[in-house]
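Asker: Sharing a structure here in structure tokens format.
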Amino acid sequence: MKEAQEFVWMGAIPLQIHLHESEVTTVPPPPPALILAPRIGYLPLLLPLIKPYFSSTLPPGVDTVWFEYKGLPLKWYIPTGVLFDLLCAEPERPWNLTIHFRGYPSHLLIPCEGEDSVKWNFINSLKEADYIINGNCKNVMHMSQSDQLELWNSVVNANLEAFIRSSSKLKSGTIEDDYASKSSLSSQKSQKMIGEADTSVQTKTGKVPVRLYVWNVSEDFGDMEDAPPIDSWDRISYVNRPLEIHREEGKCFTLHDAIKTLLPELFGKKRKPSEGENDEQSFGSEEETKNNRMTEEGEGNISQPLETGSTADDDPEIKLLRIQGIEPKLETPISWVANHLRHPENFLHVCVYIKVPSAKSL
Amino acid sequence: MNESAWDGTLSASEFSASAQAFAEKWKLNNPAYPPWTWVKSLEVPIFATNQQVEEGYLSLENVCIVKSNDDEVASCVEGEASLYDKEDEESTDSATLPYYFDFHIIYSASFRVPVLYFRAYCSDGRSLGLNEIESVLPANSAKVLLESKWTFITQEEHPYLNRPWCKLHPCGSSDWMKLLFQAVEKVDRPAMELYLVSWFSVVGPVIGLGIPIQMLKEP
């Protein structure tokens with residue numbers, strides 16, 4: 001369990017950040033900044049590292065920093081790793097971003113007044129997750145200011161040890177599942193969430209905080225390299241709905257079931273969880289998922305057959321699904337995915353490329 | 001007998017039903033105002049393929065707010081008579097630049113309550129910043145806004161439209177909805193159709209939109 005958390009916290013994206021040409025006042029222009037950005041972090045937090053590269057070349061004025069990828073202004077409150085997973089169909093290393101210090105697109109992006117804005121947004125998300133998991137925001141509300149600050153700083157510094165210490169007061173809960181209790185591979189201890197002390201509280205509501213970023217891929221492309229770039233946020237569907245897990249005796253609620261449950265508009269009536277998930281298969285999934293983890297980020301098996309199982313031919317096809325830079329098998333139990341791959345604010349961020357058949361009969 | 005006490009929240013389908021009821025009552029009792037319309041979430045690109053999508057939100061747009069003297073806010077609709085009947089007190093030399101507001105009532109699946117999103121703009125289409133909006137709000141809400149900056153009205157992204165809007169925070173909504181029904185209606189669990197009417201009776205005045213008392217009564 002701790003191993004998975006470490007994997008998530010150590011995940012980083014190499015960035016190559018270019019100053020926008022309109023803001024370059026020196027000849028020759030400054031070289032790009034090379035920064036390793038934590039996946040669980042946020043782009044504005046990198047400013048102290050980036051600024052020194054460009055401060056001597058900026059035109060006069062007040063800084064209003066924003067980032068852009070291939071013309072798309074980046075939403076600063078989406079974790080860096082999620083932006084990368086979503087916008088780079090074929091992972092680009094280093095990831096080439098453009099930074100602007102002027103001309104904030106305030107008609108498109110909500111304002112960002114530095115670290116405070118990002119922190120406020122994080123705490124609010126934490127409260128939202130708290131509400132989803134526990135039915136109220138008490139855990140977060142009862143944290144003292146200094147505890148909240150400590151928690152936030154552990155995220156800024158991507159310091160897992162500090163995070164575990166400060167989040168012990170948050171009863172973030174685990175999701176129990178038949179898979180978990182039957183498994184003999186993982187010990188009981190490994191089922192506990194962050195903060196080993198006394199926070200292994202089962203989620204009261206049985207709901208999981210999930211944020212889904214869906215791109216409807218209208219054309220077929222063989223390689224991810226050929227995927228058309230996302231030129232507007234209007235092409236991405238953001239679905240912020242809690243996932244309700246439907247438990248059925250002897251059946252495992254999988255990642256695939258979760259996606260279908262979260263998008264009933266696409267997948268028709270809510271379907272029952274997948275059948276035939278016995279212990280061995282579950283272990284198999286875990287092993288394989290571990291293997292996926294060990295390989296380099298983003299170079300997972302794109303060629304995985306992503307069938308929609310027993311569903312009808314005109315059902316949407318999941319072409320790609322990424323969480324924390326890996327592509328978990330769709331049969332993976334959702335409890336494992338949610339418990340191990342969530343972000344520090346307790347949301348599971350999932351990027352999905354879906355192909356919706358154009359002639360859908362209704 | 002319903003054992004568990006009502007927690008002040010409502011489900012997505014209850015919201016849709018309540019929104020219909022609210023829109024109908026509004027139309028009936030607020031003829032001076034444009035009606036609220038139900039907008040299906042077809043902006044969400046992937047949902048556009050399914051005409052049966054039920055998710056949507058209530059929309060009231062182009063409401064003209066004219067600030068009269070002091071802290072009273074008069075609402076008008078494109079120059080029509082003000083609902084607050086403050087015409088006599090309006091002074092022509094105060095800052096009466098007409099602002100236009102768009103209001104969206106959107107269901108929050110996380111908090112299971114409605115959330116009010118709004119934005120304001122001038123007649124030339126320029127969006128108003130949070131500070132300018134604050135200056136148009138009634139006095140008491142401006143005060144609350146000042147004292148609790150991060151937990152009241154904030155600028156956030158509209159859930160569907162990918163643009164910055166203002167949002168009235170939902171965190172305490174379920175609590176005061178519960179109290180409202182227990183205290184006023186003396187029931188433990190409301191007829192869900194009335195949820196939005198009651199909700200709006202609290203939220204509306206904050207942004208300068210009162211509702212006529214008739215709306216609160218059963219038809």
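The values are calculated or read from the model by the stated rules, or taken from the named source; none is laboratory data. As the structure is a prediction and not an experimental result, all values here were calculated from the model. A quick note on method: Cβ atoms are made from the backbone with ideal geometry, for glycine too, and the neighbour counts reach across all protein chains shown. Surface accessibility is based on the protein's heavy atoms, side chains included, excluding ligands, DNA and RNA. Shrake-Rupley method; radii C 1.70, N 1.55, O 1.52, S 1.80 Å.
Asker: Mind checking whether some residue in the stretch A:94-108 is closer than 20 Å to B:GLU157 by Cα, within 14 Å of chain B (Cβ to nearest Cβ) and aliphatic (A, V, I, L, M)? Walk me through it before giving the result.
Answerer: Going residue by residue through the stretch A:94-108, those that are closer than 20 Å to B:GLU157 by Cα are A:103-108.
When the remaining residues are screened for being within 14 Å of chain B (Cβ to nearest Cβ), the result is A:104-108.
Add one more test, that the residue is aliphatic (A, V, I, L, M), and what stays is A:108.
Within the stretch A:94-108, one or more residues are closer than 20 Å to B:GLU157 by Cα, within 14 Å of chain B (Cβ to nearest Cβ) and aliphatic (A, V, I, L, M).
Asker: Does B:GLU132 satisfy being over 18 Å from the mean Cα position of the chain (by Cα) and modelled with pLDDT under 65?
Answerer: Working: over 18 Å from the mean Cα position of the chain (by Cα): yes; modelled with pLDDT under 65: no.
Against the criterion (over 18 Å from the mean Cα position of the chain (by Cα) and modelled with pLDDT under 65), B:GLU132 does not qualify.
Asker: Being surrounded by 17 or more Cβ atoms within 10 Å (Cβ to Cβ), in a helix (DSSP H, G or I) and more than 9 Å from every other protein chain (Cβ to nearest Cβ) is the filter here, so list the residues in the stretch A:116-144 that pass it.
Answerer: Those that are surrounded by 17 or more Cβ atoms within 10 Å (Cβ to Cβ), in a helix (DSSP H, G or I) and more than 9 Å from every other protein chain (Cβ to nearest Cβ): A:SER117, A:VAL118, A:LYS119, A:PHE122, A:SER125, A:LEU126, A:ASP130, A:ILE133, A:ASN134, A:ASN139, A:VAL140.
Asker: Any idea which of (1) touching a helix residue (DSSP H, G or I) at 6+ places or on another chain (Cβ under 8 Å); (2) of a type in the set (Val, Ile, Thr); (3) without any contact (Cβ under 8 Å) to a residue 40 or more places away in the chain is the one A:THR80 doesn't satisfy?
Answerer: (3)
Asker: Among the residues of the stretch A:20-65 satisfying the criterion of being small (Gly, Ala, Ser) and outside any helix (DSSP H, G or I), which is most open to solvent (accessible area, probe 1.4 Å)? Spell out how you get there, then give the answer.
Answerer: To start, the set of residues in the stretch A:20-65 that are small (Gly, Ala, Ser) comprises A:22, A:33, A:37, A:41, A:55-56, A:61.
Subsequent filtering for residues that are outside any helix (DSSP H, G or I) retains A:33, A:37, A:41, A:61.
On the way: A:ALA33: 0, A:ALA37: 0, A:GLY41: 5, A:GLY61: 57 Å².
Only one residue fits best here, namely A:GLY61.
Asker: Please return the ranges of helices (runs of 4 or more DSSP H) entirely within the stretch A:250-357 where 2 or more residues are surrounded by fewer than 18 Cβ atoms within 10 Å (Cβ to Cβ) and at pLDDT below 55. Walk me through how you get there before you give the answer.
Answerer: Values: elements: A:255-262, A:264-267, A:279-294, A:334-341.
Passing ranges, in order: A:279-294.
Asker: Here is a follow-up. Say whether the condition of being closer than 22 Å to A:ILE236 by Cα, assigned to a loop (DSSP other than H, G, I, E, B) and not acidic (Asp, Glu) is met by at least one residue in the stretch A:149-166. Let's see the steps before the verdict.
Answerer: To start, the set of residues in the stretch A:149-166 that are closer than 22 Å to A:ILE236 by Cα comprises none.
No - not one qualifying residue is present in the stretch A:149-166.
Asker: Tally the residues that are of a type in the set (D, E, K, R), away from chain B (no Cβ under 14 Å) and out of contact with any Cys (no Cβ under 9 Å at 6 or more places or on another chain), restricting the search to the stretch A:46-87.
Answerer: Keep residues of the stretch A:46-87 that are of a type in the set (D, E, K, R), which gives A:51, A:63, A:68, A:70, A:75, A:85.
Narrowing the set further to residues that are away from chain B (no Cβ under 14 Å) leaves A:51, A:63, A:68, A:70, A:85.
Cutting the leftovers down to out of contact with any Cys (no Cβ under 9 Å at 6 or more places or on another chain) gives us A:51, A:63, A:68, A:70.
Adding up the residues that qualify gives 4.
Asker: Could I ask something else about it? Pull up the stretch A:329-358, narrow it to residues that are under 19 Å from A:TYR238 (Cβ atoms) and among the basic types (Lys, Arg), then point me to the one that is farthest from the other protein chains (Cβ to nearest Cβ). Spell out how you get there, then give the answer.
Answerer: Initial filter on the stretch A:329-358 (under 19 Å from A:TYR238 (Cβ atoms)): A:338, A:341-343, A:345-356.
Filter again for among the basic types (Lys, Arg), leaving A:342, A:355.
Values: A:ARG342: 15, A:LYS355: 10 Å.
Among them, the one singled out is A:ARG342.
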